[in-house]
Amino acid sequence: RVVTMEKVEITKDQEKLLREKHNLDEEEPIMWRVLLHNDNSHTFQYVTQALVKVIGWRSREEAFEIVVEAHRHRRATIATVWKPLAEKYCLGLQRQGLTAS
């Protein structure tokens, strides 16, 4: 499976409140979606275990559902989080042998 990140669109009002509250740069996207893409290199069991280990708060059942969704639909959302956490998830999954960017 391949893991990627993409910017999540939010309303202008939501963005303004978050930028003011956290003193964020206007150029930096607020939220990022971490995506799992299907591949033929890793087993369902291996990817499920990697998601549980790296994401931490996912149960095995939730992780397996994400893997199945990625298999059926070619990709699935793992999490929608702040960029630093999205980067942490991607790096952690990369360390498990999954391709991440």
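The values are calculated or read from the model by the stated rules, or taken from the named source; none is laboratory data. Predicted, not measured: the structure shown is a model, and the values here were computed from it. Reconstructed Cβ throughout: ideal geometry from the backbone, glycine too, with neighbour counts over all protein chains shown. What goes into the accessible areas is simple: the full protein's heavy atoms, side chains included, and nothing from ligands, DNA or RNA. Shrake-Rupley method; radii C 1.70, N 1.55, O 1.52, S 1.80 Å.
Placing dummy labels 7 Å off each Cα toward the beta-carbon, the span from LYS7 to TYR46 is 3.4 nm. Shown for the chain is the translational diffusion coefficient from the Stokes-Einstein equation, using the Kirkwood radius over Cα pairs, a temperature of 25 °C and a viscosity of 0.890 mPa s: 174 µm²/s. Summed over the residues of the chain and divided among them, the accessible surface reaches 65 Å² per residue at a probe radius of 1.4 Å. Within the accessible surface of the chain, defined with a 1.4 Å probe on protein heavy atoms only, the carbon and sulfur portion equals 49 percent. Between LEU24 and HIS37, the contour length at 0.36 nm per residue exceeds the Cα-Cα span by 1.7 nm.
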